[in-house]
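All remarks here apply to the structure that follows.
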Amino acid sequence: SLIPLHLCLVTLTLVTEKAHVRLTNPKILMSYNFQNRAQYKNSLKSSDSIVCCFILNDFSEHPKVAFSAALKSTMGSLSTTTNIVYPVVITNIGGGYNPNTGIFTAPSRGVYYFRFTIMGSNTGYNTGIYMYKNQELLTFLWGYNYNSYGRYISGGFTLQLEIGDTVRTQLPKGYILYHQYANTNTFSGFMIFPI
């Protein structure tokens, strides 16, 4: 199989007796067992397309982690600050998000991005959200609803996580999240790269 050079993403250098061919392809995951150098040379067709003969284990073994979840009903007003549990799981690759607790637990060490969006639409109530990494408060965003118009609050963080670190959101005491039909309150995250 030939892979065009314009599909390349990571850099490799293949050295033959005739040329140095520079590749940049993370999808070089096919295994070719060449019995001798002549067979290897014959596999190189041109500088535009080339048979790849390397297994890049580092790329194939990189963990894949991503999730998105949403509320399915209005939440609050509550008498205590409470974890926001998003039971509607849209995506949960890697299984890091728990729809029973609303908590994401890092399955792999890496750099992650997390984002939330909440909606308020109840006159006379605050809409707000805490976001935590483990026990560390990352942010507290809120707004007061003085009429029946919907108001949205969004925020996000890039975080370095170790295996077992957690990220969660909480609804402050006395606050409300308003639910409509189209996933108006969501929590999402994904791994950017492992470390």
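The values are calculated or read from the model by the stated rules, or taken from the named source; none is laboratory data. Note that the structure is predicted; figures quoted are calculated from it, not measured. With ideal geometry, Cβ positions are generated from the backbone for all residues, glycine too; neighbour counts draw on all protein chains shown. With ligands, DNA and RNA removed, areas are computed over all heavy atoms of the protein, side chains included. Shrake-Rupley method; radii C 1.70, N 1.55, O 1.52, S 1.80 Å.
Descriptive notes on the structure:
- Criterion: in the same structural domain as Leu71 (by the TED database), assigned to a loop (DSSP other than H, G, I, E, B) and surrounded by fewer than 19 Cβ atoms within 10 Å (Cβ to Cβ) - qualifying residue of Asn92, Asn100: Asn100
- If only residues of the stretch 139-162 that are closer than 10 Å to Thr127 by Cα and open to solvent by 60 Å² or more (accessible area, probe 1.4 Å) are counted, the one that is nearest to the chain's Cα centre (by Cα) is Tyr152.
- Yes/no for Met131 being in contact with a Phe, Trp or Tyr (Cβ under 7 Å, 6 or more places away or on another chain), open to solvent by less than 10 Å² (accessible area, probe 1.4 Å) and under 16 Å from Thr74 (Cβ atoms): no
- Where Ser79 falls short, out of the listed (1) part of a loop (DSSP other than H, G, I, E, B); (2) free of Cβ contacts under 8 Å to residues at least 60 places away in the same chain; (3) among the polar types (S, T, N, Q); (4) open to solvent by 40 Å² or more (accessible area, probe 1.4 Å): (2)
- Restricted to the stretch 112-128, and to residues there that are modelled with pLDDT of 95 or more and open to solvent by 20 Å² or more (accessible area, probe 1.4 Å), the residue that is nearest to Ile163 (Cα to Cα) is Tyr113.
- First in the stretch 157-169 and under 16 Å from Phe193 (Cβ atoms), second anywhere and of a type outside the set (Gly, Ala, Ser) and at pLDDT below 95, Cβ under 6 Å, 6 or more apart: none
- The set of residues from the stretch 181-195 being surrounded by fewer than 18 Cβ atoms within 10 Å (Cβ to Cβ) and β-branched (Val, Ile, Thr) comprises Ile192, Ile195.
- One residue from Asn83, Asn98 being out of contact with any Gly (no Cβ under 8 Å at 6 or more places or on another chain), closer than 19 Å to Asn183 by Cβ and modelled with pLDDT of 95 or more: Asn98
- Close Cβ contacts (under 8 Å, 6 or more residues apart or on different chains) running from residues in the stretch 177-195 that are within 12 Å of Val65 (Cβ to Cβ) to residues that are at pLDDT below 95 and open to solvent by less than 70 Å² (accessible area, probe 1.4 Å) comprise Met191/Pro63; Pro194/Pro63.
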